[in-house]
Structures are given as C-alpha cells and as structure tokens.
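The values are calculated or read from the model by the stated rules, or taken from the named source; none is laboratory data. Since the model is a prediction, treat every value here as computed from it, not as a measurement. Here the Cβ is made from the backbone with ideal geometry for all residues, glycine too, and neighbour counts use every protein chain on show.
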Amino acid sequence: LSVDASSQNARKIPDKMFGIFFEEINHAGAGGLWAELVSNRGFEAGGPNTPSNIDPWVIIGNESSIIVGTDRTSCFERNPVALRMEVLCGSKGTDACPSGGVGVYNPGYWGMNIERRKVYKVTLHIRSSDAVSLSVSLTSSDGLRKLASHTITGSKKQFAKWTKIEFHLKSSQNNTNSRLQLTTSRSGVIWLDQVSVMPFDTYMGHGFRKDLASMLANLKPQFLKFPGGNYAMGNYLRNAFQWSETVGSWEERPGHFNDVWGYWTDDGLGFFEFLQLAEDLGASPVWVVNDGASQNEEVSTATIASLVKDVVDGIEFARGGPNTTWGSVRAAMGHPEPFKLDYVSIGNQECWMLYYRGNYQKFYSAIKAAYPGINVISSCDKSTISPSNPADLYDVHVYASSSDMFSRTSMFDNTPRSGPKAIVSEYAVTGDDAGKGTLVAALAEAAFLVGLEKNSDVVEMASCAPLFVNDNDRRWSPDAIVFNSWQNYGCPNYWMLHFFKDSSGAMLHPSSVQISNYDQLVASAITWQSSQDKSSHLKIKVVNFGSKAVDLNISVSGLENGIKSSGSKKTVLTSSGALDENSFQQPQKVAPVSSPIDNAMQQMGVSLGPYSLTSFDLLL
Ligand code: AHR
C-alpha cells in the first residue's frame with residue numbers, strides 16, 4: 001500500500017463532506033430523539049372529529065365509575081380536541097371511587113424511562129365543572145408503585161376556565177417501563193389537554209434525548225439533512241411535513257399523521273428544533289422542502305406560486321432578522337440570531353414526476369432572488385443540470401446489496417469533473433446480508449465512502465440512511481442507531497462512520513494498493529490536524545471486504561518530518577462472522593478496538609484480518 005503524503009499532491013476534502021440525514025421514520029423523533037415522554041399529548045392523534053380514539057391513553061376505572069371521551073372544547077384553536085373525563089363515583093349518594101381513584105394513564109412510547117433523582121417537567125391544561133383534586137403521578141407499569149406524585153387541587157371557580165399548570169416531579173426510583181397517571185376520587189367533569197412530561201435534563205437544554213444526541217455529536221457531523229426522505233413528502237400532501245405548522249408554542253402545533261411510516265407525530269420536533277439541533281451539533285442544516293409533491297399527488301407549475309412563497313417564508317424564519325415577519329416568530333421562540341441555513345433541497349427523489357422540473361425552476365429562481373447565497377439542491381441527476389436548469393448540488397440516493405455497494409467504490413470515478421457536485425444524502429446496504437446492521441454491510445459502506453473521499457472533487461457531501469430506529473417500531477432495516485425508551489447501541493455502520501469523522505476538511509493523499517489475485521481491498525489516506533491540540537495525523541484506512549487475511553507493506557513517502565516514534569495507533573472494526581450484528585445484549589460485539597502502534601514507521605508490515613476495516617492513525 002503506497003501513500004504519497006507530500007503536500008503538493010494532496011487535495012482538500014470538502015469541509016462538509018460527512019454529515020447525517022435525519023428522517024422521522026421508525027419513531028426516530030417522536031418517541032426517540034425528541035425527549036417528550038407522553039405519546040399523543042394533545043389527544044389529536046385520533047383525528048379532528050369526535051368522539052375519537054385516545055390511543056395509547058388507557059382508562060383507569062370502569063363504566064360505572066368514569067366515562068372518558070373527547071370533545072372539541074380545547075382552548076387551542078389549531079388543536080381543538082380535548083379529553084373529557086366524567087367521574088361518576090365519589091360524590092354524596094354514589095359509591096366511593098376505587099382505591100387509587102379513576103382517570104387515565106399514558107404508557108408513553110412503549111414505556112417511559114424514569115430515573116431516580118432526575119427531575120421531570122410536567123405541563124398540562126385543565127378545566128373542570130367542579131372542585132378539583134387530581135393526582136398526577138409517574139408509576140410502575142401496573143400503576144401500583146408511585147415513583148413521583150403531585151396533586152392538583154382547586155376550587156370550582158379556579159378551574160372554570162382552561163388553566164395551564166406546570167410543576168416538577170422528582171423520581172425516587174428507577175423504572176424503564178413507567179407510565180403517567182392522572183387520577184381522582186372526586187366526582188365531576190374534568191377536561192385535560194396538552195399533557196407533557198419532559199425530562200429536565202436534555203441535550204444542551206433543547207429537548208433532545210441526551211444519550212441519542214450525544215451519539216450524533218460523537219460522529220462530528222458537518223451537516224444535518226432533515227426532515228426526510230419520504231416523510232418530507234407524505235403519501236398525501238395533507239399529511240406532509242408543513243414547516244409552518246411545526247413552529248411556535250408546542251401547544252399550538254396541530255401535529256400530523258406520518259402516513260408514510262404509519263404513526264402520529266405531535267411535531268414537538270419541528271422546523272425550529274431541527275435548526276436548533278444542527279446548531280447544537282455544529283452542523284450545517286440542509287432543509288428538504290415540501291415542494292408540492294407527495295407520493296401520490298403533485299401541484300402543477302401553474303399553481304405552485306403559494307408553495308414557493310411558503311418555502312421562501314421558511315427560509316426567512318431560519319435566516320431573517322428578528323424584525324422580519326417570520327424571523328420575529330423565531331426570535332419569540334428564543335433564538336433572535338438567524339440560523340445558518342445555507343442548503344435547501346427541492347423535494348425528494350422526484351425527478352421522474354411530471355411537474356418536478358417546472359416547479360424546481362420556480363423554487364430556484366425565487367430562493368436565489370431572495371437569498372443568493374443559498375445552495376439549491378436538485379433531485380435530478382447531473383446530466384439534467386444546465387445553465388437553463390441550474391443547481392448548486394444534485395442529490396444522489398444509493399441503496400444496494402453489500403457486494404454492489406462495495407463495487408460502487410468507483411461509482412464517481414468517471415463522473416465529469418466540471419459542473420455541480422453531488423450530495424449523496426442517502427446511502428445504505430439493504431437486503432439479505434444487511435440484516436439489522438451487519439459487519440459486512442458496514443464494510444461495503446466503508447468501501448463506498450473511501451470511493452467518495454477519493455472523488456471528493458465531484459462529491460461534496462454524504463450521509464447514510466436511515467439514522468435511527470426505535471426497536472419497538474422497526475419500519476426500515478438496517479439503521480445506524482437502535483434504541484428503546486432507555487437503551488441504545490450503534491450498529492457496525494455507526495461505528496464505521498467514526499473512521500471518517502476526521503475526513504471533512506482534511507487533505508486527501510494519493511494511495512494505491514497492489515496485490516495479486518485479490519480484489520477485496522480498498523484504501524485511502526488523509527492528513528488532518530486536531531482542532532484541540534493542533535497535533536497532525538496521517539490516517540490510512542483499509543477495508544478488507546473479503547474472507548482472507550492479508551499481509552501488506554505500507555510505504556509512505558513525501559512526509560516532511562516523518563512519523564513520531566510514539567503516539568500512533570491502529571483501530572480495527574471486525575468480528576468473528578461477516579454477518580455479526582450488535583444488540584442490546586451485546587452492544588459492542590462489532591465495535592472499533594484501538595491499540596498503540598509501537599515504532600510506527602514510513603515502511604511498515606501490517607496484517608489485516610478478514611472482513612475488517614483498519615485505520616492506521618500515525619502521529620506526525
Ligand atoms: O431512507 C428511507 C427512504 O428511502 C427515504 O424516506 C426515501 O428517501 C428513500 O427511498
């Protein structure tokens with residue numbers, strides 16, 4: 001393996017080369033990254049007409065003690081459905097309520113993870129026809145053990161109108177499968193709406209589940225593409241992600257049915273929160289706009305103008321000053337400074353649709369007129385882009401078997417070097433050998449990324465898909481990060497991405513592998529500087545996609561000051577079986593293992609195990 005590490009033959013890899021793509025799929029956000037513990041907190045998931053289904057809320061008590069339903073008497077205009085509980089027990093002349101009271105409970109998203117000594121912020125809205133004594137508690141899954149509790153009391157007059165109540169609950173115990181209970185032993189009618197329980201301790205205090213957001217931060221992503229995927233489009237436009245419905249106070253957000261991936265989202269993770277997440281991760285936001293196309297419908301070019309304005313308004317929400325119409329809405333949400341939104345992707349995989357190109361041009365012109373600095377991304381391939389159909393970047397999605405993905409290490413080798421560059425915003429190995437995230441799939445993806453590094457003169461950005469899966473609602477496999485209400489683990493491809501986290505903005509050096517009768521190796525070499533201690537590194541990555549162990553001589557030329565005698569290390573991602581996966585039981589079965597390299601030199605003999613990704617990090 002020869003590496004020319006001289007500076008004169010090096011080329012800079014784009015600063016935003018490796019990022020992440022977040023889609024609301026597999027409960028990635030609702031019941032995932034967004035830390036809200038109550039599922040269907042606004043009682044809107046059953047639809048706007050009442051009576052409606054209150055799933056997953058469950059009634060505590062029987063028909064002779066309580067009648068629970070929904071009506072449209074909420075104080076929130078865009079969110080009209082409220083819960084109505086008519087408590088029949090507990091007044092003079094009737095039976096006393098059962099011990100523990102009657103009411104409702106919410107199990108969260110497959111159980112709430114409540115931790116000892118942690119604080120939870122509870123918010124709810126209440127109205128009543130009578131005096132109130134409502135116990136709000138976090139309990140075990142059978143409701144028998146209380147972890148934390150608070151009682152809301154008040155006179156008939158006090159709650160005659162909708163009243164917002166906020167308080168903190170501190171848990172006395174750990175319980176990964178808890179529920180929220182709202183119970184009373186007093187007769188009367190109580191209405192409830194917008195019932196929220198948020199952990200106090202979230203990532204940077206912005207509402208993101210800390211463990212999951214930290215896993216993203218550890219990848220050092222340079223961009224965050226959101227909110228989908230097909231989710232951005234919807235199966236039908238009425239169910240698509242509409243940015244303006246997802247901003248402002250959370251209680252006023254209508255929420256929507258994610259008809260592509262089959263679940264309700266209350267849009268707590270809305271446009272503002274995506275921009276905030278990107279900022280918190282130090283990543284550039286890449287917004288996939290709904291451009292008037294769903295999986296089943298299209299707005300024609302003759303009638304696209306209002307949607308074009310809607311998207312330009314969305315950019316103003318992100319980038320406008322605090323005195324602009326939409327910038328003021330953002331400022332009121334606590335972020336007066338503009339967000340650095342520099343990338344807007346027009347639709348998702350829509351080039352084949354009848355009106356896409358005509359509509360695209362309308363979006364392009366309007367965005368460039370208002371914000372010339374924004375990079376506009378086309379869903380069409382490079383061959384379609386021309387001065388009369390311009391684009392700053394074009395979007396590429398690659399889903400392939402592992403052998404096909406491995407061969408795509410050369411996918412961009414023959415791409416014309418001029419013109420717009422690619423953003424490979426979705427790539428993944430799928431199919432039988434991908435399983436729920438196998439080693440071999442991760443290695444094929446690593447080879448593909450090595451190819452992207454080498455072609456980073458024509459590829460500007462890349463991100464895998466999908467990012468997250470809640471193990472209780474697996475709509476798509478494989479995914480990079482698996483979680484449930486309290487656990488998480490990275491799949492082999494999550495760990496593989498760590499091998500590329502120093503590549504964005506690094507210098508790429510020519511490298512070549514010469515080996516006879518074996519075509520399963522690919523390699524790349526970069527030099528990069530640590531922003532923390534300014535130390536310089538040469539990182540050589542080698543993917544061995546085959547079943548043979550290989551001995552290689554590494555030969556590095558062109559280094560000005562050579563390699564330091566200590567401080568270098570080798571990191572290997574491998575396992576005993578190519579189809580091995582991680583799991584909650586064995587979260588680190590396939591994870592990188594580092595060891596020091598003693599006497600690192602410019603000429604070194606190394607051994608590569610079968611089915612392995614190895615990185616030689618040499619301290620310069
Ligand atoms: O990543 C899952 C889906 O695959 C995305 O929603 C879509 O863009 C692609 O087809």
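When we screen 108, 90, 103 for residues that are buried (at least 20 other Cβ atoms within 10 Å of the Cβ), at pLDDT below 95 and either within 24 Å of residue 146 (Cα to Cα) or within 29 Å of the chain's Cα centre (by Cα) (or both), the only hit is 90.
For residue 496, the criteria (1) assigned to a loop (DSSP other than H, G, I, E, B); (2) within 19 Å of residue 409 (Cα to Cα); (3) in contact (Cβ under 8 Å) with a residue 40 or more places away in the chain hold in every case but one, which is (1). Looking only at the range 214-244, residues that are under 22 Å from residue 26 (Cβ atoms) and among the charged types (D, E, K, R) come to 1 in all. Total residues in the range 440-469 satisfying the condition of being of a type in the set (S, T, N, Q) and either in the same structural domain as residue 546 (by TED's automatic domain parsing) or within 16 Å of the ligand (Cβ to nearest atom) (or both): the figure is 1. If only residues of the range 314-355 that are within 16 Å of the ligand (Cβ to nearest atom) and not acidic (Asp, Glu) are counted, the one that is nearest to residue 286 (Cα to Cα) is 345.
Within the range 371-395, the residues that satisfy the criterion of being within 29 Å of the chain's Cα centre (by Cα) and surrounded by fewer than 16 Cβ atoms within 10 Å (Cβ to Cβ) are 372, 373, 381. I'm checking my understanding of the structure. Among residues of the range 382-398 that are of a type in the set (Val, Ile, Thr) and within 16 Å of the ligand (Cβ to nearest atom), which one is farthest from residue 546 (Cα to Cα)? Per the stated criteria, the residue is 396. Tell me, yes or no, whether the range 422-439 has at least one residue that is at pLDDT 95 or above, loosely packed, with under 15 Cβ neighbours inside 10 Å and within 15 Å of the ligand (Cβ to nearest atom). Among the residues of the range 422-439, not one is at pLDDT 95 or above, loosely packed, with under 15 Cβ neighbours inside 10 Å and within 15 Å of the ligand (Cβ to nearest atom), which makes the answer no. Among the residues of the range 68-95, those identified as touching a Gly at 6+ places or on another chain (Cβ under 9 Å) and not in a loop (DSSP other than H, G, I, E, B) are 68, 70, 82, 83, 84, 85, 86, 87. Residue 40 - would you say it is modelled with pLDDT of 95 or more, closer than 30 Å to residue 375 by Cβ and among the polar types (S, T, N, Q)? It is false that residue 40 is modelled with pLDDT of 95 or more, closer than 30 Å to residue 375 by Cβ and among the polar types (S, T, N, Q). Scanning the range 1-19 for residues that are within 16 Å of the ligand (Cβ to nearest atom) and surrounded by fewer than 24 Cβ atoms within 10 Å (Cβ to Cβ) yields nothing. Checking each residue of the range 409-416 against the condition of being within 16 Å of the ligand (Cβ to nearest atom) and either surrounded by fewer than 21 Cβ atoms within 10 Å (Cβ to Cβ) or within 21 Å of residue 456 (Cβ to Cβ) (or both) gives no match. On inspection, residue 401 does not qualify as surrounded by fewer than 22 Cβ atoms within 10 Å (Cβ to Cβ), polar (S, T, N, Q), under 28 Å from residue 543 (Cα atoms) and within 15 Å of the ligand (Cβ to nearest atom).
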